[in-house]
Amino acid sequence: MSDAILARRNRLMGPNVPTFYRDPVHIVRGQGVWLWDAAGNRYLDCYNNVAHVGHCHPRVVEAIARQSMTLNTHTRYLHEGVLDYLEQLTARLGHGISQGIMVCTGSEANDIALRMAQAVTGKTGIIATDNTYHGNTVATAALSTRRPPIGGYPPHVRLVPAPESLAPLGGSAERQADVFAENVAHAIADLEDSGFGFSGIMLCPFFANEGFPDLPADFLAPTARIVRAAGGLMLVDEVQPGFGRLGSHFWGHDRAGLVPDVVTVGKPMANGHPVAAVLARPDVMGAFRSAFGYFNTFGGNPVAAAAALATLQVMEEEGLQANARDTGAYALARLRALRHPAIAQARGAGLFLGLECVTDDGGPATAFATELVERMRQRGILMNRIGRHMNTLKIRPPMPFSRDNADLLVDTLGEVLAAMPTETADAG
Ligand code: PMP
């Protein structure tokens with residue numbers, strides 16, 4: 001069955017369409033933190049941040065269905081749904097951020113954020129890290145480093161070395177924040193010298209795609225000072241850490257003590273319905289609207305707004321941020337107690353956790369991590385890998401994840417680790 005579907009995908013979608021796992025899972029149903037494949041096997045979803053409040057949450061499903069039966073249309077008519085949602089969402093944000101543009105994907109949101117920085121500064125130079133992903137439009141792909149653009153990165157882009165957990169910039173955890181900021185300062189000077197000027201920096205405050213290194217709470221403070229002093233905008237990509245995932249805070253930037261000029265959100269926002277947004281202060285929004293105008297056919301349409309509003313309400317009613325904090329702390333403590341020579345570090349925050357795998361000589365154990373993920377999938381637990389060498393296990397389940405779920409995850413991980421052939425750790 002899987003082979004037949006893969007063949008059809010190739011025939012109809014072309015080659016290299018990404019799938020997870022050597023034996024891709026053919027999911028047919030989801031509920032809460034659980035997924036079922038076509039053969040009726042059940043999987044614990046430890047990866048999916050899109051089904052934020054749980055797969056097929058009845059409140060979100062009902063909101064979508066009800067609104068779909070009443071009206072769905074493009075966004076040039078007056079409709080209160082999107083306004084109700086933006087009111088509720090911006091109420092969650094500080095820093096004078098009170099306006100938003102609704103779009104359909106995080107990529108679009110980041111694309112707009114880049115243009116906001118251009119509109120405010122009149123400059124185009126932009127900085128991101130050298131191990132990240134901010135989207136799949138031409139502009140955001142130029143800040144996404146897994147697959148460099150044909151012809152190389154555009155000349156207005158500077159990619160600074162991303163922070164690392166086990167191999168910190170500058171050789172020590174204490175130096176890392178300053179070294180990161182110094183590299184940003186050099187990039188700014190270089191952009192100014194080359195005539196592009198400095199419009200801003202785009203960062204995930206949790207460095208999710210960088211492998212979410214273990215960093216001190218004020219890691220970004222020196223960088224923020226340099227960016228401000230240079231007149232650039234802080235474009236904060238909250239696509240992954242936002243919406244309470246990190247447990248202690250609703251936003252990754254608040255956890256990082258960072259003052260954003262622009263915030264972008266997406267993935268978990270409407271529990272799977274394609275909804276994303278870019279949020280900004282009125283002065284930034286005004287500059288953008290004057291410079292570029294903007295229209296998005298589907299962004300924030302009545303059904304999208306209903307789905308997003310229901311997701312936010314469920315988060316609140318079910319206390320899911322608090323659950324991320326409590327269950328996440330419990331799961332992290334249990335992950336930290338796992339003992340295996342290839343596990344160098346358990347880290348993360350809330351329900352965004354990981355284990356970094358190393359070889360005997362301390363190098364990245366990519367093959368080991370890959371094998372671990374595959375064996376977990378065979379045991380009915382879905383997770384994946386991230387980081388520069390893809391050697392960090394990424395655990396990022398739907399937010400209703402329970403202690404029982406965490407126990408099943410860690411117990412199974414312990415058993416799978418115990419059965420891992422040690423030579424795999426050397427093949428990374
Ligand atoms: N920013 C970050 C940090 C992401 O991880 C992603 C998607 N993985 C995006 C932006 C792009 O979002 P989308 O796929 O909705 O365009």
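Taken together, the values in this text are just the output of simple stated rules run on the coordinates, not laboratory data. Predicted, not measured: the structure shown is a model, and the values here were computed from it. Note that we place each Cβ from the backbone using ideal geometry, even for glycine, and neighbour counts take in every protein chain shown.
Taking Lys and Arg as +1 and Asp and Glu as -1, the other residues whose beta-carbon sits under 12 Å from that of residue 16 total +2.
Beta bridges per DSSP, both residues in the range 229-380: antiparallel share near 75 percent. Judged by the mean number of other Cβ atoms found within 10 Å, the most tightly packed of the peptides 169-180, 351-362 leads the ranking 351-362, 169-180. Each DSSP beta bridge with both residues in the range 58-317 is either parallel or antiparallel, and the antiparallel ones are about 40%. Building the convex hull from the alpha-carbon atoms of the range 58-317 and averaging its projection over directions returns 13.9 nm².
Along the axis of the charge dipole computed for the chain (Cβ charges of +1 for Lys and Arg, -1 for Asp and Glu, origin at the Cα centre), the listed residues 161, 102, 295 are led at the positive end by 295. Along the axis of the charge dipole computed for the range 2-115 (Cβ charges of +1 for Lys and Arg, -1 for Asp and Glu, origin at the Cα centre), the listed residues 67, 47, 15 are led at the positive end by 15.
Put in line by how crowded their Cβ is, counting other Cβ atoms within 10 Å and starting with the fewest, 108, 164, 415 read 415, 164, 108.
For the pair the range 191-258 / the range 287-331, the C-alpha centres are spaced 20 Å from each other.
Compute the Rg to Rh ratio over the range 114-167 from the alpha carbon atoms, using the Kirkwood formula for Rh, and round to two decimal places. With Rh from the inverse mean 1/r over Cα pairs, Rg/Rh is 1.00. In angstrom, the C-alpha Rg and Dmax of the range 1-66 are 14.2, 39. Computed about the Cα centre, the dipole magnitude for the range 58-317 is approximately 540 debye when only Lys and Arg (+1) and Asp and Glu (-1) carry charge, each at its Cβ.
Counting other Cβ atoms within 10 Å, keep those with at most 10, restrict to DSSP loop, and tell me which trypsin sites (Lys or Arg not before Pro) in the range 50-104 are left. Qualifying residues, ordered by number: 76.
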